[in-house]
Every structure is written in structure tokens, then in C-alpha cells.
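Reviewing the structure listed below.
The values are calculated or read from the model by the stated rules, or taken from the named source; none is laboratory data. In this text the structure is predicted, and so the values were computed from the model without any measurement. Ideal geometry is used to build each Cβ from the backbone, glycine not excepted, and the neighbour counts take in all protein chains shown. Keep in mind that these areas ignore ligands, DNA and RNA; they rest on the heavy atoms of the full protein, side chains included. Shrake-Rupley method; radii C 1.70, N 1.55, O 1.52, S 1.80 Å.
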Amino acid sequence: MAQPIELKGSVMSFTVLKVHSDDIAQVQQALAEKVQQAPDFFQNVPVVIEPTVAALPPTFLAQLMEVLRQNGMVPIGLRTADEAIRQQAEFAGLGLFDLDTTKRNRATRPAVEKAEACPSMPGHLVLKTVRSGQQVYAKNRDLIVVGSVNPGAEVYADGHIHIYGALKGRAFAGAQGDEQARIFTSRLEAELVCIAGLYVLAEDIPPPVRSQAVMAFLNAEKVEFQALS
């Protein structure tokens, strides 16, 4: 007889919201502005809250959880070493994450496992521009687009993404968590660039690499860009 439930350990990507202010009005406004840039991306996204301030008002977490839900996101946990804030999180029904858990798990995973996460398969080739509103997903392989990715279009790959044209929409490489995945484009004008769940919105892309031939990659849990000569 099959068991009614099964619990398994899993490594999953979450959006981490770093909170640098204890003023809920400031946080609410800043969050609304971020979501407005890519509203579909943030819908139903699980969020782990990470406060960087020394202390929070007693009702801050409850207010922040409501703000997140109003913006379509799902607060699931809190990451902090501050015991008082952890107690607030327990009262609010949030899960608790250690600050160094993610870094430790990533550091101890052998490189060979990362390579095996995306089996070697022929890349998924798209010989045309990806139009606004279209989505293309390359499962267990790289994605190669011989054309542009227009604003409002989305391209996903479990491996690397190569765009021989302008990236003006959204690109998600390492969609199953491969941190070694990279994004290459002949011209970077993206709405959003995401690798293994870590992302950068248009306004945060460094000006020197905008409209340039660029490679995007992860370094110390941060999306970085390097111009291609």
C-alpha cells in the first residue's frame, strides 16, 4: 500500500528580500516600484525576508507580509541571526532560515554534480525573433536564439542561453538551479536577467554594459556582467 505522504529534502530557489529600513511606508513604496517593472515575474514568487537593520518594530513583519501578498508574492520565511526578530517570525508563522545555509550548501556541492544537473543534449535552436508575449523553454539543454528577444518575451533554459541579437525581454538561465549557467547576448537591453533564481532588473544593469555584447554569470550569489570583446 502506498504511503499517504512522503517528505524529501530539496534544494530550491527562493527570492530573498533584503530589508534595509524599518519604515514600512518606505519599504512598501520601494517594493511596489520594483514589482511594477516586471509584474508577471513576481506573481506567486516565494519570498524569504532578510532584515539588515538592528531591530524591527513589533508589527513590522506582519505588515510586510501583507504588503508582499498585496503585490502577488508569497512570504514563506525569514533569514536572520537576531533572536528577537526570529521570535517575531515564529509568531507571524514564517519559517526560519540560517543566514549561511544557502552559501554552505552551494559551496559543498561538488562541481561534477553541477555539470550533471543539465545533461549533455543538443541545444534548442530558435531561428527567429522571440516576439512579445511568447515564451520559449529549453529543458535540460542550452537555448540558442538566432534573432532578438523582444520586450515582453521570455526565454528559459536549464543550461546556458545564447542570443544572437538584442535581449530586450526576460532571460532565465539555469532554470533548475544550475549556478554555472550563463547568458550571452549580442546586445543587452533586458527587462530582467535571471540565473538560478537570482536576478537583476533593468534599472540595476550597470550602464557600461547596456546595449553591449555581454555575458551574464553568477559570482558570490550575485548576477554580474562582462563585456564580450
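Tally up the residues in segment 55-86 that are touching an Asp or Glu at 6+ places or on another chain (Cβ under 9 Å) and without any contact (Cβ under 8 Å) to a residue 24 or more places away in the chain, please.
The number of residues fulfilling the criteria is 1.
Give me a count of the residues in segment 136-184 that are open to solvent by 10 Å² or more (accessible area, probe 1.4 Å) and β-branched (Val, Ile, Thr).
3
Taking Gly133, is it modelled with pLDDT of 90 or more and of a type outside the set (Asp, Glu)?
On the way: modelled with pLDDT of 90 or more: no; of a type outside the set (Asp, Glu): yes.
Criteria not met by Gly133.
Filter segment 214-225 down to the residues that are in contact (Cβ under 8 Å) with a residue 12 or more places away in the chain and charged (D, E, K, R), then identify the one that is surrounded by the fewest Cβ atoms within 10 Å (Cβ to Cβ). Before you say what the answer is, go through the steps one by one.
Let us first name the residues in segment 214-225 that are in contact (Cβ under 8 Å) with a residue 12 or more places away in the chain, namely 214-218, 221-223, 225.
Still in the list and also charged (D, E, K, R): 221-222.
Working: Glu221: 13, Lys222: 10.
Within segment 214-225, the match that is surrounded by the fewest Cβ atoms within 10 Å (Cβ to Cβ) is Lys222.
With the checklist (1) exposed (fewer than 13 other Cβ atoms within 10 Å of the Cβ); (2) without any contact (Cβ under 8 Å) to a residue 40 or more places away in the chain in hand, flag the one item Ile195 doesn't pass.
(1)
Considering every residue within segment 103-125, establish whether at least one is modelled with pLDDT of 85 or more and aliphatic (A, V, I, L, M). I'd like the intermediate steps shown before the answer.
Within segment 103-125, the first condition is being modelled with pLDDT of 85 or more, and the residues that meet it are 123-125.
Adding the requirement that they be aliphatic (A, V, I, L, M) leaves 125.
Looking through segment 103-125, at least one residue is modelled with pLDDT of 85 or more and aliphatic (A, V, I, L, M).
Do the conditions hold for Ser211, that is, is it at pLDDT 90 or above, over 23 Å from Asp40 (Cα atoms), surrounded by fewer than 17 Cβ atoms within 10 Å (Cβ to Cβ) and not basic (Lys, Arg)? Please lay out each step first, then the result.
On the way: at pLDDT 90 or above: yes; over 23 Å from Asp40 (Cα atoms): yes; surrounded by fewer than 17 Cβ atoms within 10 Å (Cβ to Cβ): yes; not basic (Lys, Arg): yes.
When the stated conditions are applied, Ser211 passes them.
For every residue, the table says whether it meets (1) out of contact with any Gly (no Cβ under 6 Å at 6 or more places or on another chain); (2) open to solvent by 40 Å² or more (accessible area, probe 1.4 Å); (3) outside any helix (DSSP H, G or I); (4) closer than 22 Å to Val223 by Cβ.
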| residue | (1), (2), (3), (4) |
| --- | --- |
| Val16 | yes, yes, yes, yes |
| Ala25 | yes, yes, no, no |
| Ala30 | yes, yes, no, yes |
| Gln36 | yes, yes, no, yes |
| Phe41 | yes, no, no, yes |
| Ile49 | yes, no, yes, yes |
| Leu56 | yes, no, yes, no |
| Ala62 | yes, yes, no, no |
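From the set of residues in segment 64-81 that are out of contact with any strand residue (DSSP E or B) (no Cβ under 6 Å at 6 or more places or on another chain) and either farther than 13 Å from Pro51 by Cβ or surrounded by fewer than 16 Cβ atoms within 10 Å (Cβ to Cβ) (or both), which is modelled with the lowest pLDDT?
Of everything passing the filter in segment 64-81, Ala81 is modelled with the lowest pLDDT.
Just checking, how many residues over segment 120-135 are among the hydrophobic types (A, V, I, L, M, F, W, C) and loosely packed, with under 15 Cβ neighbours inside 10 Å?
As a first pass, look at segment 120-135 and keep what is among the hydrophobic types (A, V, I, L, M, F, W, C): 121, 125-127, 130.
Now drop any that are not loosely packed, with under 15 Cβ neighbours inside 10 Å, which leaves 121, 125, 127.
Adding up the residues that qualify gives 3.
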